1. Karplus couplings for the range 254-264 from phi (6.51 cos²θ - 1.76 cosθ + 1.60, θ = phi - 60°), rounded to Hz, Gly and Pro as x?
2. For residue 115 and residue 244 in one chain, what is 0.36 nm times their gap in residues minus the Cα-Cα distance, to one decimal in nm?
3. Please list, in order along the range 380-387, the HN-Hα scalar couplings obtained from phi with the Karplus expression 6.51 cos²θ - 1.76 cosθ + 1.60 (θ = phi - 60°), rounded to whole Hz, x for Gly and Pro.
4. Shape of the range 246-371 from its Cα gyration tensor (a ≥ b ≥ c, root eigenvalues): rounded if a/c is under 1.5, otherwise prolate when a/b > b/c, or oblate?
5. Looking only at the range 218-233, which residues have a backbone nitrogen under 17 Å from a spot 7 Å from the Cα of residue 85 in the C-beta direction?
6. Taking 30 Å as R0, compute the FRET efficiency from the Cβ-Cβ separation of residue 512 and residue 469 and round it to 0.05.
7. Take the Cβ-Cβ distance between residue 493 and residue 100 as r, set R0 to 41 Å, and report the resulting FRET efficiency rounded to the nearest 0.05.
8. Quick check: pseudo-label points 7 Å beyond the Cα along Cα→Cβ at residue 165 and residue 92, how many nm apart are they?
Amino acid sequence: MEARFYHYFMLYPVTWGMGVSINKIYLWKPFSMKLFLSLSLICLLALTNIARAMEPGKAPRSYTGHFENILGTSMELKIRAISQEESEKAQKAVLHEISRMAAILSAYDPGSEFRRWEATSQKAVPISRELFEVLDLFDRWRIRTGGVLDASAEAITKVWKEAAIRQRVPTAAELDMAVARVKQAHWKLDSLHQTATHLSDVPLMLNSFVKSYIIRHAAEAGMAASKADAIIVNIGGDIVVTGNVMETVSVSDPKADAENDLPVDEITISNRAVATSGSYRRGEMIAGKWFSHIVDPRTGEPADGVISATVVAPDATDAGALATAFNVMSPSESAALARTLPGIEYLIITKAGVEIKSPGWSKLETDVRPKAVGLGPDFEMLVNLELNLPKEGAIKRPYVAVWVEDENHAAVRTISCWHGSDRYLPELRSWYLKYRTIYASDKGFSSSMTSATRSAGKYTVKWDGKDDNGNPVKPGKYIVKIEVSREHGTYQLMRQEIEWNDMAKTFNLTGNIEIAAASLELRKKSNGN
C-alpha cells in the first residue's frame, strides 16, 4: 500500500541550516512518498545554495603569487577568487598560457616557432595564428610610428653591444650600414594561407609590445579557466588588470635605484593595461657614459631625450608598443600619435626630469600622491640581493625579510618583507618573532608597480637610516638580517654587523642555497629622498 502523508506531517516550523526556516508547511491533499522526497530534495539543494552564498567566507578574496624566470624577468600574479581552488585553476591557466606563448614567440629559445621560422629563407611557411598576428602587428606599428618600432632594430643593438665591449662608440659608417639593413623588407605575410616568407638575413627580435601581448592572453586564459572575479598579471612592470577590480599602480621613479624607493606617481585603473619602458635599467656604459638599450631604427642612435614612458591603454599591445615608441619620439610626436588611438593616457619623463602628462592622466591619479616625509639623515644603505634561480623554468619566489636590529637585538626597522598570504608570515620565523605584533604590510611589495623591465631574481632595497617610527637612528652598531624561507624548501638566515656612521663601506655576504649573492652598500645619499 502506498504511504500517504497528510497536513499534520509538518505542522511545526522546520529550520534548515544558516538560519533559513520554513514555517508551517501544510500538505492539504495526499501524495506519494516518492513525490514528497523529490520535492524535499529540491528544496534542500536550493536552500543549501542560498546558505553557501550567504557564507562570509565565500566572498572573493585576493591570492598573490610571485614567480621568477618568467619571460626573462619576474612576475606578480594577483587573483581575486571565491576559493583557493579557483585561484589555483586561474594560476595554472596563466602559467600554461605564458609557457605556450613563449614556445611560439620567444626570441631567446632556439626551439621556439619564431626562431625556427627565422632560420628559413625565401619560402612561404605556414605559421601559427599567434606568430602571424605578431608579425602583422609589427608591420602595422612600423608604419604607424614612421619606423620607430621595428623588429630588425636588433641589428643596430648588436652594433652598440659590440662597440661597448671595445669601449668605444660605433663609427658613423657602422651605424649607416646597420640602418640600411633595418630598412630592408624582412618578411612577407599571406593572410589567406596564413604563411610568412622570411626575406632577409638581418637579426630579428620580438620585443617592444610582445610581452604585453602575452600578458593579455595569459590574463584572458586565467579568467576563462576559472571562476576568478579578477586577475592582475604583472610581468617585469607591464601589467594587465582584468575583471571586477580597481587596482592602484605605482609608477617607478626612473632616477631611483631601489625597489622600495618612493614612486614618482600612483594611478588607479580597471580593465586596462599599463606598460613602462625606459633607459634606466638596461643599456651600455661606454667610457663613463650611459647609452640606452632602446635605439632609433631611423638613425641608429640610442634614445636620449626621454628616460621613462608609462602608457595606459584599453589594449595591452597598444600600451607596450607606445611605451617603447615614446622613448624614441619627441613628446610632441608622442602626443600626436596618442591622439590617433582611443583611451590612451601617458606619463613621459624627460632626461631633465620634466613630467609630461596626457590630458586625461590626472583622472587616473590617486588623491594623495606619494611624497617623502622629511629628508632624514644624509646616509643610506643599499641591500643588493640575487636569488638563486634555475637556468630554465619558472620558479616561485621565496619569502624574504630584510630588517635591522640594534646591538642588543631589538627591532629597529623592517626594510622589506616579501610574502604571500599573511598566514605564511610565521615561516619567516626570526623576523616574525620580532615583528609579529607591530608589522602591518609592505605596501611597496604588495601593490602593483610598473617599471622598466629588470633581470629576474635581482633586487635592491634601501634603508634610509630611520627606525620604524620614522625617526633617524643614532650612530653605532647595528645588525642587518636577511631571512629566506621557501615553501616546501629550505630556510636561510644571513647576518651582518655594521657601524652606522658617515663612513662609506661595502660588505659582501656569503651566498647560500637560496641567495646567490648579497651585499650591503653604505653610502652618502644619491638624491634628496
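1. x, 9, 8, 10, 9, 4, 9, 5, 5, x, 7
2. On the way: separation 129, 0.36 × 129 = 46.44 nm, distance 3.78 nm.
Contour length minus the Cα-Cα distance gives 42.7 nm.
3. Residue by residue, the range 380-387 yields 8, 9, 9, 10, 9, 10, 10, 6 Hz.
4. Numbers: a/c = 2.01, a/b = 1.28, b/c = 1.57.
In terms of gyration-tensor shape, oblate.
5. 225-229
6. Details: r = 32 Å, r/R0 = 1.06.
Approximately 0.40, to the nearest 0.05.
7. Working: r = 39 Å, r/R0 = 0.94.
Computed FRET efficiency for residue 493 and residue 100 comes out at 0.60.
8. Going by the 7 Å Cα→Cβ label model, 4.5 nm.
Bear in mind these aren't lab numbers, they're just calculated from the coordinates by the rules spelled out. The structure presented is a predicted model; accordingly, all values stated were derived computationally and were not measured. Backbone-built Cβ (ideal geometry, glycine too); neighbour counts: all protein chains shown.
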